[in-house]
Structure formats: C-alpha cells, structure tokens
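For reference, the structure is listed below as structure tokens.
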Amino acid sequence: MSELQIALLLIAGAVLAGLYLAGKWQERRLLRRLGEELGGGVGDALLDDPQPRRPAPTTPARGGGPPRRVEPQLRSEPAFEASPVAGEAAQASAVAVARRSEWIEDPMLDCVLELRCARPVDGVSFIDAAVPLTASQWPMPVSFVVWDARAQQWVHPDRFGYYTDALAAIQLASRRSVLTEEQIDRFVSSVRQMAAALDADCDPPDIARCAASARELDRLCARFDVRIGLTLESASGAWTEARVAAAAERVGLEPLVALRWAPAHGPGPAPLVLSMPMALSERVSLELDVPAIAADEGAVPQLFGLSNQLAAQLNARIVDDNARPIDSQSVAAIQAQLSRLYEQMRNAGIDPGGLRARRLYV
C-alpha cells in the first residue's frame, strides 16, 4: 500500500470519527433541550442515571397490620394556559400545572395500589397500560396518577414524560354506593394487569379487609347524611314555575335545572336548593345538605332567611315536613342539633364542608 493510500485512509477515518462525535453532541444537546421544554425528564436511557425515587414515609396502619404510606397532600390549582408569547420557562411551568391531578390520596376513602418501575418508563406506555382501567365502568370514582420527579407532584401521565411511580385508586363508598368485595377484586385484577404491562412491581391489598373498610365507611357516611328541609305552602292557590322563578331571582337564587334554584356556590353540587315538585304546585321546598357545607358558613341562618324572603314574595307560610309551622324556637333547636352533629363529624375525621365530606356526599 502506497503512502498516498495510507494518508487517504487516515483522513477518512478522522472525518468519520468527527462526524460521529458531532452527531452524539447534537443528540445530547437536543435531548437536554427537550427535557427543559417539556418538563418530562427526557434523557438517554443508556447514558443517564434513572430519575430519583420519590421518598415514601410511612405510618402505622389503623388496627395493626403493615405500615401505610403517607403521601404529600397537594392542593389542587386551576389549570394554567401559557400565553403564545411566553418564554420557554413559562411554557414548561404551564405543562406541569395543567397536568396536575386534583385527586388527593385519602387512606380513609380510597383503596390505593402503588406501581413501582425499576427504570423510567415513557408516558405513552403508562397511558396505554391504563386504558383497561380508565375505560371500564366502575360504581365509584377511579383515579390514576404518576409521580413527576421534576415537578415533585402527582400528575396525569403525559406522553412526553418519563415516570417510575404510579398510583391507581378507587373510592370505597359514598352516600350513593359502596363497593362490594367482588368489585374490589375486579379493580385489583385490572391494576395488576396494568402493572404486568409496565413490568412494574405492585403489592395487592387484602381484598377482604378493603371490603370491610368499605362497609364501615358506608355506615359512617350514612350516620351523618342529614338534610334539613323547609316547605313553603301557598296561601292563595298554586304557583306556576314562572312565578317561583321570578321570586327565586329576586332573593338571589340562580337556576340549576328545571324546577331547581340555588345560591351561587363553588364546584360540586349546590348545598342549598329550592325546588318545585312540578310546574304547577302549591308547595316548594328549601333543602340544606348538612355535611356538604362548613359549620362556620352560617348555613342555617341563610336557610331560614331565604325561606322568610320567599314566603313574603309568594304569600306562603313556612312549615316542616309534618306541616307544622316553624317558629324561632324551632330555629334554635335545629341549630343546637347541628352543632352536636358537626362535632361528631369532626371526631370521626370528617370536616363538614371539607374535601373528604365533599367526596363522600356527592
């Protein structure tokens, strides 16, 4: 081989090596830029270290048994939409907030299974694996969230993210329904199927114990499921829907659906509702959902205040469910009973009008 040929080979080798190094440098820069823009921890699966595991403090479970994980309780915030002219940092923050889950794990209300992956798994795989769970019909609310190590919060899986931990949960009971042992078993089987698709570890709970917790929660929920109703009886014939709607508007009530009105309220069902049984009626009712409203919000004075205003507007008298007139002594007696009920709710771990109460009494 001549010296010219050797020189050409050396030059070619140097060029190839340069192209290879330049390509790797460009690839690393692109991956780093994607990670910064998307907030999903995008990286080189072969060269980068796995994402740090989320710490999981524990506390002893009620009634003995293995310790139970205590999760950080994050307050839900409204979704944030980035301005088209916002910078890259603002866009990354917008993505993280928009994906935040409003669900907060509650060991009293939820059957929760944790999925742990040995290495980061892409968001598309999490979304696909969760389809059998999220697409099924369940009698109670189901939640599925993943831990975003970068944002340090539970989020809904994003197709651009990479995650190692996930939670799948189903609520055990509410005022409307309670899970049976068969339904809990079906939920756990679905989560284990999802874990197998992700090659994730998943420790199934004691299904019989979960079913017992569901029945106990159902009994507790029924104990405080109290509503106070007042009836307005016409003194001059039946009212039309239009007349009741006009009176409701004058006292500050807003229409909900046909034949139902309520004061302005936050998310969820209205805790105080005016309703008609039919479009032409001699009676209307005001009903207060006691556990769904905080004790310090003056619900009882509001209930009686609205009933007095409506009675004046409609030429009606106020009676209880047994058609007995309501007087000032009745108001005081009801207020005293409610104070005792609220105290019992707090002692049972249910804050009136709080997040736990709103989840139970929907």
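The values are calculated or read from the model by the stated rules, or taken from the named source; none is laboratory data. All values reported here derive from a predicted model rather than from experimental measurement. Using ideal geometry, Cβ is built from the backbone for each residue, glycine included, and neighbour counts are taken over all protein chains shown. Just so you know, the surface numbers come from the protein's heavy atoms only, side chains and all, with ligands and any DNA or RNA stripped out. Shrake-Rupley method; radii C 1.70, N 1.55, O 1.52, S 1.80 Å.
Quick notes
- Verdict on Asp185 being modelled with pLDDT of 95 or more, crowded, with 18+ Cβ neighbours inside 10 Å and out of contact with any Lys or Arg (no Cβ under 6 Å at 6 or more places or on another chain): no
- Ala222 falls short on exactly one of the conditions (1) at pLDDT below 95; (2) within 32 Å of the chain's Cα centre (by Cα); (3) open to solvent by 60 Å² or more (accessible area, probe 1.4 Å), and that condition is (1).
- Output for the range 115-140, where each listed residue is part of a helix (DSSP H, G or I), out of contact with any helix residue (DSSP H, G or I) (no Cβ under 7 Å at 6 or more places or on another chain) and surrounded by fewer than 18 Cβ atoms within 10 Å (Cβ to Cβ): Val124, Ile127, Asp128, Val131, Thr134
- Options Ala173, Ala235; residue that is within 30 Å of Gln337 (Cβ to Cβ) and either open to solvent by less than 20 Å² (accessible area, probe 1.4 Å) or of a type in the set (Ser, Thr, Tyr) (or both): Ala173
- Residues in the range 298-340 that are more than 18 Å from Gly237 (Cα to Cα), surrounded by 12 or more Cβ atoms within 10 Å (Cβ to Cβ) and among the charged types (D, E, K, R): Asp320 only.
- Each residue in the range 276-297 was checked for being buried (at least 20 other Cβ atoms within 10 Å of the Cβ) and either within 27 Å of the chain's Cα centre (by Cα) or in contact (Cβ under 8 Å) with a residue 60 or more places away in the chain (or both), and 6 pass.
- Number of the exception - Ser143 against (1) open to solvent by 10 Å² or more (accessible area, probe 1.4 Å); (2) touching a helix residue (DSSP H, G or I) at 6+ places or on another chain (Cβ under 9 Å); (3) within 23 Å of Cys221 (Cβ to Cβ): (2)
- For the range 341-362, taking the residues that are part of a helix (DSSP H, G or I) and among the charged types (D, E, K, R), the one that is least open to solvent (accessible area, probe 1.4 Å) is identified as Arg359.
- Tally, over the range 215-254, of residues that are touching a residue at least 24 places away in the same chain (Cβ under 8 Å) and more than 28 Å from Gly266 (Cα to Cα): 9
Here is a yes/no grid of residues against (1) open to solvent by 30 Å² or more (accessible area, probe 1.4 Å); (2) on the phi > 0 side of the Ramachandran plot; (3) touching a Phe, Trp or Tyr at 6+ places or on another chain (Cβ under 6 Å):
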position	(1), (2), (3)
Ala200	no, no, no
Asp206	yes, no, no
Cys210	no, no, no
Ala245	yes, no, no
Val251	no, no, no
Val257	yes, no, no
Gly268	yes, yes, no
Leu274	no, no, yes
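- Residue within the range 193-201 that is of a type in the set (Asp, Glu), more than 28 Å from Ala357 (Cα to Cα) and modelled with pLDDT of 95 or more present: yes
- The range 318-362: number of residues that are at pLDDT 95 or above and more than 35 Å from the chain's Cα centre (by Cα): 0
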